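Comments concern the structure below.
Taken together, the values in this text are just the output of simple stated rules run on the coordinates, not laboratory data. These numbers were taken from a predicted model, which means no experiment stands behind them. No Cβ is skipped: glycine too gets one built from the backbone with ideal geometry, and neighbour counts run over all protein chains shown.
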Amino acid sequence: MDTKISRPLSANDRTESLLLGAREHFGGPRTSTELIFLELLKEAYPECKVVCTLASKCDLLGYSAAGYATAEIDLDQSIDITRSYKEPGARLKKEPGVLNNHVRFGKWKYIWQDFEFAVYEVEYTPDFRHPVRLFFLLEQSSPAANEEGVSTIDQLLLAAGAWSSELHEEIYVFDDAYWTKDRELWESVQGSSWDNVILNPEMKNNLMTDVNSFFDNQKLYKKLAVPWKRGLIFHGIPGNGKTLSIKAIINALQAREEPVPSLYVKSFDNCKGKKFSIREIFKKARIMAPCLLIFEDIDSLVEEKTRSYFLNEVDGLESNEGILMIGSTNHLNHLDPAISKRPSRFDRKYHFKLPNEDERAAYVRFWQSKLDGSDMVSFPDEVVDVVAKWTEGFSFAYLKELFVITLLTIARGGEVGDDTAAEDNAQSESGSSTDGTVVISNEDAQEAAKADKIDETKQQNPSLPAKDGEKIGEGAPATPTPPAKKRTVPVVPIPEHIQDNIILKIIHRQTKSLLEEMDNTKEDDWPSDKRRGIGFADPNMMLYEQMKRMASCD
């Protein structure tokens, strides 16, 4: 009787048989994908030990890209790869595009600390879930081990797993029930610092102290038998520093001797329900603690159906040691009192108000310092006080837009336009004062004052005759809502020696333009759900508005 002698499969034959097995598996109803591939690999490599791991928990390729190992795709083997062009992140950087491999089935030659492994990468997409990436590592049946008896392959998994669990110039972002590491968001907060945040000095100092003292005093919390957790609420109308303060906090925490990671929650929405998302968020935060957990627009995230579940995670039986939560909102009154008025959940509220005159002056000086030493424009100190008075009612966001469009107009050689003549005419009508200043009068302001006086008189004397078309007496229809009052530039004395200052003239013109464009929508009707990440506005709309204002200066 003849005896058949089995011949070991070649490397290419092995990969070919695996690819055929993969096609058969994915060609029909899928069950136990990990088990199927383990069996296929053990059949192809009977002399090897096969270990499976999740790329999301142990990113072997990311670990090698960071320089801790080398990985080279074996293009000579049977593989399932899509090679595609990836454009640069931004056209303004003028960087070349790159070619990326999207591997669904492939073999890697992997070297770590002089040990070589065969690594198979497999990707598949379960129903109603995100794609799953698996790594299958192969080593000889009698692997080497360290003094503790840990095999080489497990040593690699421990090292790569520890690296994968940390943030590397990234911020964790939760969206669609899934945590991802976002490098672009990390880059967007670089350069943000408390030096660039203009706030009430006392409030700014309290906020900085609040954050730093929390992470500095773990032992004190323990000594006082107080849970080491804290919650802050940032509230106030948009454009007054909430987002900028969050960016400064993120940057300051990652610069500490022991960096504190930041976790940013974008949305609770997903097909498994919002309670699942809330659970996943706090599960991750407890693993990453000490950490900063950010809920931007918290009033739009926490709904009535999920409020109790959210509160149980915030202040329930499970420990939230080391978690500093920050929730921001434009509408504090929209938050349930159980969230906004209950210490131990969110302990302290910081109100970001419209800047007062001193704060506006500080912001103008901030821009003045940016132009210090520049021959682009003359920016004397007297301009600071004038602009601070002109911009009463401006948020920091509007103040920023005012200076951006002003400097863009100057840079492109834009003309001051008819505004100069209007100011000259107003100055001639008002005349010069005895202290060497000229007052810019404002006809709009006078007309508005007259209208206010008439309305006030009518309210105090309802028996006054009605205008044409108005009805008086019982049964008369309700008085129609008067149109919104026109906002005007306050009348401000201008020292004579800066009356011809270019930046002052353009700022005056742009201030009037911005006042005309300001949204007079009531605060309660403001939209809150940004859904663009930390501080992202639509750049196309911003550019469009800037171009309109620049065109008005020609």
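Near MET325, the amide H atoms lying under 5 Å from its own belong to ARG230, GLY231, LEU232, LEU293; only residues 5 or more places off or on other chains count, and H is placed 1.01 Å from N.
For segment 229-305, just say rounded, prolate or oblate: build the C-alpha gyration tensor, square-root its eigenvalues into a ≥ b ≥ c, call rounded for a/c under 1.5, and beyond that prolate if a/b exceeds b/c, oblate if not.
Details: a/c = 2.48, a/b = 1.22, b/c = 2.03.
Taking the square roots of the gyration eigenvalues as a ≥ b ≥ c, segment 229-305 is oblate.
Place the peptides 203-216, 236-249 in order of packing, highest mean first, counting for every residue the other Cβ atoms within 10 Å and averaging per peptide. Please list the in-between numbers first.
Values: 203-216: 15.7, 236-249: 22.1.
With the highest mean Cβ count within 10 Å placed first, the list reads 236-249, 203-216.
Once the gyration tensor of the Cα atoms in segment 11-165 is diagonalised, the equivalent ellipsoid follows with semi-axes of 26, 22, 15 Å, ordered largest first. A protection proxy built from the mean count of other Cβ atoms within 10 Å ranks the segments 342-348, 49-55, most packed first, as 49-55, 342-348. Put a dot 7 Å past the Cα of LYS283, heading toward its Cβ, do the same for ILE111, and the two dots end up 3.9 nm apart.
Taking amide H as placed 1.01 Å from N in the peptide plane, the amide H of GLU296 sits under 5 Å from that of VAL265, SER328, each at least 5 places away or on another chain. Our estimate of slack between HIS334 and SER56, defined as 0.36 nm per intervening residue step minus the Cα-Cα distance, is 96.3 nm.
What shape does segment 174-351 take by its C-alpha gyration tensor, where a ≥ b ≥ c are the square roots of the eigenvalues and a/c under 1.5 counts as rounded, a/b above b/c as prolate, and the rest as oblate? It would help to have the intermediate numbers written out before the result.
Working: a/c = 1.27, a/b = 1.19, b/c = 1.07.
Verdict is rounded for segment 174-351.
Contact order, relative form, for segment 174-351: 32 percent (alpha carbon pairs under 8 Å, 6 or more residues apart, mean separation divided by residue count). Computed from label points 7 Å out along Cα-Cβ, the spacing between MET518 and ASP347 is 3.7 nm. Take each peptide in 393-404, 373-384, count the other Cβ atoms within 10 Å of every residue, and average; sorted highest first, the result is 393-404, 373-384.
Over 31 Å between C-alpha atoms is what I'm after, so list which of LYS86/LYS266; LYS86/LYS229; LYS272/LYS400; LYS222/LYS272; LYS93/LYS266 land there. List each step's numbers first, then the result.
Details: LYS86/LYS266 25 Å; LYS86/LYS229 42 Å; LYS272/LYS400 41 Å; LYS222/LYS272 37 Å; LYS93/LYS266 27 Å.
LYS86/LYS229; LYS272/LYS400; LYS222/LYS272, as the Cα separations exceed 31 Å there.
If you wrap the tightest convex hull around every Cα atom of segment 246-385 and split its volume per residue, you get 162 Å³.
Can you tell me, using C-alpha contacts under 8 Å and at least 6 residues apart, the relative contact order of segment 266-326 as a whole percent?
Numbers: 52 pairs, mean separation 27.8, N = 61.
Contact order relative to length: 45 percent.
What is the mean projected area of the alpha carbon convex hull for segment 190-248, to one decimal in square nanometres? Intermediate results must be reported in sequence, preceding the final value.
Numbers: hull surface 19.6 nm².
For segment 190-248, the mean projected area of the Cα convex hull comes to 4.9 nm².
For the pair ARG365 and ILE410 in one chain, pulling the backbone fully straight at 0.36 nm per residue adds 14.4 nm over the alpha carbon distance.
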